[in-house]
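What follows is a short report on a single structure.
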Amino acid sequence: MLLTLVGLVLFGLGSLLSALPDPCDNDVVAEVRSPQGGQRLVVFVRGCGATTSNSTQVSLLAADEPLDNEGGNLLIVDGNRGTAPIAPHGGPFVEAQWIDEHTVLLRHHVSARVFKKKERVGGVRASYRPLAS
């Protein structure tokens, strides 16, 4: 009986939390198409309210795939409590470019705090180089 009651309470809390609006939003900063045009890198700033700093993120998407309201699938960096310079878009500067159809180069300030740095998404390999001040 107690387990059933606990299960119902947890289910109810989960349902309530999933109904709340997502406090985060993504604003696209740049899009860079692959050499053949079938894919694109999307650089965006993600903000989740006044209690967190904005982060700059990068996702690799198909050319016609929308950017969902979720985190980047390649790179996530923030300003590291003010040690990395903040770009006009509100997050740290990130540079994204295609080397060829299967390789991308992502650059961010050397002082940025890195939360995600994937080496491969799908058939595309990512390499990273820091940007100095």
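The values are calculated or read from the model by the stated rules, or taken from the named source; none is laboratory data. Keep in mind the model is a prediction, meaning the values are calculated, not measured. Glycine also receives a Cβ, built like all others from the backbone with ideal geometry; neighbour counts cover every protein chain displayed. SASA here: full protein model, heavy atoms, side chains in, ligands and nucleic acids out. Shrake-Rupley method; radii C 1.70, N 1.55, O 1.52, S 1.80 Å.
Students sometimes get this wrong: rank Val121, Val77 by accessible area, probe 1.4 Å, all chains present, largest first.
Values: Val121 30, Val77 0 Å².
Greatest to least solvent exposure: Val121, Val77.
Relative contact order for the range 12-133: what percent, with Cα pairs under 8 Å and sequence separation of 6 or more? Kindly include the intermediate steps, with their values, before the conclusion.
Numbers: 261 pairs, mean separation 24.1, N = 122.
It comes to 20 percent, rounded to a whole number.
Pick out, in residue order, every one of the trypsin sites (Lys or Arg not before Pro) in the range 63-133 that is DSSP loop and has at most 11 other C-beta atoms within 10 Å; say none if there are none. Let's see the in-between values first.
Working: sites: Arg81, Arg107, Arg113, Lys116, Lys117, Lys118, Arg120, Arg125; in loops: Arg81, Lys118.
Here the trypsin sites (Lys or Arg not before Pro) that fit, given the DSSP loop and packing criteria, are Arg81.
Quick one: ranking Asp22, Asp78 by accessible area, 1.4 Å probe, largest first, what do you get?
On the way: Asp22 80, Asp78 10 Å².
Ranked list, largest accessible area first: Asp22, Asp78.
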